[in-house]
Amino acid sequence: MTNKQAPSTLQKMGLDSPMALALHLPSRYEDETELLTIEESLNQGRFGSAQTQGVVIRNQVLFRPRRQLLVTIEDDSATLQLRFLNFYPSQQKQMAVGTHIRVRGEVREGFQGSEMVHPTVRAVAADAPLPTSLTPVYPASAGVSQTVIRKAVAQALRDPSLQDSLAEFLPKRLMTELLPSNDWPNLQSAISYLHQPPSDANTQALLERTDPAWRRIQFEELLAQQISLKRAHAIRRDRHAPSFAKPIKDKSLEAVLLKALPFTLTGAQAHVWLEIGHDLEKSFPMNRLLQGDVGSGKTVVAALAAARVMDHGYQAAVMAPTEILAEQHYLKMKEWFEPLGVRIAWLSGSLKAKEKRLAQEMIESGQAQLIIGTHALIQESVSFSKLGLAVIDEQHRFGVRQRLEIQQRLGSELFYCHQLMMSATPIPRTLAMTYYADLDVSVIDELPPGRKPITTKVVKASRRDEVIGGLQSWLSKGLQAYWVCPLIEESEVLQLQTAVESFEQLTQALPNFKVGLVHGRLKAEEKAAVMAAFKANEIQLLVATTVIEVGVDVPNAALMVIEHAERFGYAQIHQLRGRVGRGSADSVCILMYAEPLSMAAKERLQTLREVSDGFVIAERDLSLRGPGELLGAKQSGDGMLRFVDLQRDAWLIELAQQAAERLLAEHADLVERHLERWLGSRAEFLKA
Ligand code: ADP
Ligand code: MG
């Protein structure tokens, strides 16, 4: 009767084919291969679960302290009590006095001596054979029993079609030449081994997924991923984009902008600009990530790229995930480009209908050369006249859907524009090699001169008055400061409320200074007005929610206090404190925390105090949260790599990369089959 139900519940888990079942690998195992006497189980079993057997000599339901079934079994060596707190009448019958049963469970000390609570029970003859392999325990959703999954998997493994699906087709030579040792089984053996490991298998390696059988599977999965990324790369090179040669004239925007800048580029900026400039000269679309810690000066590099494109009569667009960030770009670009006669359009969701229409007209007619905005830029109603470059700031903060949308909007069959992504969150190498393999990466690894390292202090919230006292003397020196209010994920209203409270308290405590408040509920122009006042030093202390997270740039504000710092993640605090340390003053970031601190929060704050290198912080973040969250909005790449853990298996990536290259070059005929086997429909996600 379960047979009728089983397929649908299994199907819901995606286990709808022999191949899907074969790849549904156990999360752990139970050892039923060993049978102990009762006496042995009493001694050894205490360290874990044990299997033993005997004849039932007592079967009794007690009602005190609560209803429970007590069963005692006996063999030649000793007796053992079994205790069931919830039980069915059928179970009571199954263990009738005189029956021989085999039980498995953890032995523990009860009030009346050693006992097993809720063991698994089977009524079998004393000489019933033991399994020879470990018993798999599968990941399962609620309502699906292990028995059902085990049966289905075992059946799938015997299915003749599986021989085909799992057939070895990776060339033997390629494998032996590339792989570190030849103890990796082929795919089919690896899979049957993992479903039914022999009793003497190295269970630790199985659980940690470092067993050669696991390695083989992880390698194949990574190989598929690397192949599809390399293919994406090849496809991009086949596409057409306008090429923008370096201008020869001194009057080019690019040259004039460089001259007009109030500073000279750092070595790192000059270097990445060279890389980007080369890309722009190519006739296929650039796909480059510009990475640089907060404050490293990415914006001016984007401006140079935009200038190059505009020099050739094309439009450039700059897009940021939040209004405030986009606005920062707009103000900066206006400052640089308007004196040079560049026509700039601003487009965001909060514009009035009329303003929006006006901006759209300017964009469509080509009157606007430089377009800056939020993701409002990629909406249907916006059509560019001649888009040559799209700069996407903090692109990982757009959701996966938005990113796919951006990709679709920016390309057409005939014509693709160049793309420059920018990020202050360094992407660890492992991640760049897997999720971003079709991405060229430029890194600004140097801060503009004159920046002082930020001193980070960790302070208990109970010392708030002291902190405010320190703030007072700080402001008295003519310097400015930020006060960042706690992140309250559950409630925006609550977050606003605490911000308002802090604002009022600080306004009272610091009567000689002007305190401003900025938060997400303000209208764009209100926000801009507060920010402008802060920038002009009309406001000395800016109380803010996390809206100031990225991009805000006020060099005279070199002190930041973060309330409830324990509620923030690594990246958030690192980005936040990047707001200070932009001028010549010594910069300080005070992380205030409320007790009690969790272990994780304690470690996080400590790390943030000691480490200022964004790369190190990003690596910690990756190990803590996994790539999905780091890449943005949790959903990205989910289910992309099922068997690989980027931390644990990092060394395999390079191997898979080499194998992918060789497979594409020497065995192109096998590529399709391998992709289909491992990625199937998931390949779409690789493009986001
Ligand atoms: P981010 O990389 O975080 O986006 P920005 O582009 O906002 O950094 O730059 C931070 C600040 O540094 C800005 O005020 C910018 O004008 C300034 N800046 C950029 N490059 C240089 C440079 N080479 N020398 C001095 N200041 C610079
Ligand atoms: Mg920036």
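The values are calculated or read from the model by the stated rules, or taken from the named source; none is laboratory data. The shown structure was predicted, so the numbers you read here are calculated from the model rather than taken from an experiment. Every residue, glycine among them, receives a Cβ derived from its backbone with ideal geometry; neighbour counts consider all protein chains shown. Each accessible area value is taken on the protein alone, full model and side chains, heavy atoms only, with ligands, DNA and RNA left out. Shrake-Rupley method; radii C 1.70, N 1.55, O 1.52, S 1.80 Å.
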Gln91 neighbourhood, Cβ < 14 Å, K/R = +1, D/E = -1, net charge +4
Student exercise, the stretch 454-611 dipole from Lys, Arg, Asp, Glu Cβ charges, in Debye to nearest 20: 380 debye
Counting just the Cα atoms, what span does the stretch 253-444 cover along each of its three principal axes? Round to the nearest Å and put the largest first. 46, 40, 33
For the stretch 298-353 and the stretch 583-604, what is the separation of their C-alpha centers, rounded to whole Å? 35 Å
Would you mind checking the pairs Lys457/Lys523; Lys298/Lys334; Lys354/Lys527; Lys457/Lys535; Lys246/Lys452; Lys251/Lys386 and listing those with alpha carbons more than 27 angstrom apart? Lys457/Lys523; Lys246/Lys452
Using protein chains only and a probe of 1.4 angstrom, how many square angstrom of Asp238 are accessible, to the nearest 10? 140 Å²
Could you tell me which residue out of Val56, Ala557, Tyr416 lies farthest along the dipole of the chain toward its positive end? Charges go on the beta carbon: Lys and Arg +1, Asp and Glu -1, centred on the Cα centre. Ala557
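Tell me, rounded to the nearest percent, the portion of alpha carbon pairs in the stretch 34-130 spaced more than 15 Å apart. Could the numbers behind the result be given before it?
Values: 2592 of 4656 pairs.
Everything past 15 Å amounts to 56 percent.
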Give me the number: length gained by fully extending Ala536 to Glu672, i.e. 0.36 nm times residue separation minus the C-alpha to C-alpha distance, one decimal in nm. 43.0 nm
Assigning unit charges at the beta carbon (Lys, Arg +1; Asp, Glu -1) and nothing else, what dipole magnitude in debye, to the nearest 20, does the chain show about its Cα centre? 1300 debye
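I need to check one value: relative contact order of the chain, counting alpha carbon pairs closer than 8 Å and at least 6 residues apart, in percent.
Numbers: 1171 pairs, mean separation 87.8, N = 688.
Over the chain, the number comes to 13 percent.
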Rounded to the nearest 5, what % of DSSP beta bridges with both residues in the stretch 6-76 are antiparallel? 90 percent
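At a 1.4 Å probe radius, carbon and sulfur cover how many percent of the accessible area of the chain? Kindly include the intermediate steps, with their values, before the conclusion.
On the way: 16620 of 32440 Å².
Accessible surface attributable to carbon and sulfur in the chain totals 51 percent.
Can you tell me, using C-alpha contacts under 8 Å and at least 6 residues apart, the relative contact order of the stretch 19-116 as a whole percent?
That works out to 28 percent.
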Once you have all Cα-Cα distances for the chain, histogram them in 20 Å bins from zero and send the whole-percent values. 15, 37, 31, 15, 3, 0
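Of the beta bridges DSSP finds with both residues in the chain, what % are antiparallel, to the nearest 5?
Numbers: 33 of 89 bridges.
Roughly 35 percent of the beta bridges in the chain run antiparallel, per DSSP.
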Alpha carbon centre of the stretch 641-681 versus the stretch 186-201: separation in Å? 21 Å
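Sorted by accessible area with a 1.4 angstrom probe, largest first, how do Phe169, Phe534 fall? Show your work: numbers first, answer last.
Details: Phe169 25, Phe534 0 Å².
Ranking Phe169, Phe534 by accessible area, largest first, yields Phe169, Phe534.
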Can you tally the net charge around Ala268? Count Lys and Arg as +1, Asp and Glu as -1, for every other residue whose Cβ sits under 10 Å from the Cβ of Ala268. -2
Relative contact order (%) - criterion: Cα under 8 Å, at least six apart; region: the stretch 73-147: 27 percent
Compactness of the stretch 454-611 - radius of gyration and Dmax, Cα, Å: 14.5, 42
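For the chain, with every protein chain kept in place, what is the accessible area per residue (1.4 Å probe, Å²)?
Values: 32440 Å² over 688 residues.
Per-residue value: 47 Å².
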Specify whether the C-alpha gyration tensor of the stretch 197-269 places it in the rounded, prolate or oblate class, a ≥ b ≥ c being the square roots of the eigenvalues: rounded for a/c under 1.5, otherwise prolate if a/b is larger than b/c and oblate if not. oblate
Roll a 1.4 Å probe over the protein heavy atoms and report the accessible area of Lys352 in Å², nearest 10. 130 Å²
About the Cα centre of the stretch 1-121, what is the dipole size in debye to 20, counting +1 per Lys and Arg Cβ and -1 per Asp and Glu Cβ, all else neutral? 780 debye
Ellipticity estimate at 222 nm from DSSP helix runs (n ≥ 4, -39,500 (n - 2.57)) divided over the chain, nearest 500: -12500 deg cm²/dmol
